[in-house]
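Novice: Take a look at the following structure, please.
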Amino acid sequence: VPPLPGAEDEARAVGELLHARPLTGAAATKPAVLQAARDARYIHLATHGFLDDFTERAQSESNPYVRRLTLLEDDASGTHSRTPGLLALAPSPGDGGMLGADEIAQARTQGELVVMSACDTGRGAINDEGVIGLSRAWMAAGVPSVVVSLWSIPDEPTRELMETFYKRLQAGSGKSEALREAMQATRSKYPKTAYWAAFVLMGEPDQAWSPGCRAA
């Protein structure tokens, strides 16, 4: 996948604000990230996000009354049930570093907020419960609030938006208010809608920042 020059800078800036040591580069493997997320209160992921090649077929073939998204082929065809959505992490022995939505849903965390600062993390397939993808996966893992993107996001404006978001949380704003303020601040410098309007908050909206949090 192509490099993201601002992602590591963003991770370090957010880590400093959260008083946490970020996992960057080769250290950000799936086992390391999932282990850190188990006990973290705030989880910030600055990386590539993808809708995998199952998404369009899953959307067209899924029964809207089925609670769990499935593909309607048998194992002999080489296709298996899968929730769309991938996050790019560092490879480790035995895996290529792609963290899938189903893996996230099977994990457990005490986190109160997950921010996926990556492209397309709010998208997915749709059934009677709404959008099925990365955002719902973190909620299944126990997270009440998730910040996700609705389209491909630019590197530098996103880094600035995220830094402002956490600063507003530290200043006492609730999560939805902090995101709104960060979007307004980013818009003043980058007025093009695609640069500041991609992020939405899903789940519980208004729990304010509290000091002494643990973060990953």
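Every number in this text was worked out from the coordinates using simple rules, so none of it is lab data. Here the structure is a predicted model, which means the values were calculated and not measured. Cβ coordinates were reconstructed from backbone atoms using ideal geometry, including for glycine residues, and neighbour counts include every protein chain displayed.
Novice: What nm distance separates the two modelled labels at Ala140 and Ala197, each placed 7 Å from Cα along Cα→Cβ?
Specialist: Each label point lies 7 Å from its Cα, and together they span 3.2 nm.
Novice: Between Ser152 and Glu204, what is the label-to-label distance in nm when each label sits 7 Å out along the Cα-to-Cβ direction?
Specialist: 3.6 nm
Novice: Quick one: grab the alpha carbon gyration tensor of the stretch 98-192, order the square roots of its eigenvalues as a ≥ b ≥ c, and give me rounded if a/c is under 1.5, else prolate or oblate depending on whether a/b is larger than b/c. Walk me through the numbers before you get to the answer.
Specialist: Details: a/c = 2.17, a/b = 1.53, b/c = 1.42.
Prolate shape, in that a/c is at least 1.5 and a/b is the bigger ratio.
Novice: A follow-up question, please. Cα convex hull of the stretch 140-199: how many Å³ per residue? Don't skip to the answer; put the middle values down first.
Specialist: On the way: hull volume 5.4 nm³, N = 60.
Spelled out: Cα convex hull of the stretch 140-199, divided by residues, is 89 Å³.
Novice: If only Cα atoms are counted, what is the Rg of the stretch 80-151, and what is its Dmax, in Å?
Specialist: Expressed in Å, the Cα Rg and Dmax of the stretch 80-151 come to 12.0, 38.
Novice: Can you list residues from other chains, or at least 5 along the same chain, whose modelled amide H is less than 5 Å from the amide H of Met98?
Specialist: HN-HN under 5 Å from Met98: Leu89.
Novice: How much net charge surrounds Leu34 when only the other residues with a Cβ under 12 Å from the Cβ of Leu34 are counted, with Lys and Arg +1 and Asp and Glu -1?
Specialist: Numbers: positive: Lys30, Arg38, Arg108; negative: Asp39, Asp95, Glu103.
Overall, the nearby charge balance is 0.
Novice: Out of residues 5 or more away from Ile126 or on other chains, whose amide H comes under 5 Å of its own, with H placed 1.01 Å from N in the peptide plane?
Specialist: Sorted by chain and number, the residues that satisfy this are Ile132.
Novice: Give me the log10 of I(q) over I(0) for the stretch 1-44 at q = 0.20, 0.31 Å⁻¹, as the Debye formula computes it from C-alpha points; what are the numbers?
Specialist: -0.67, -1.23
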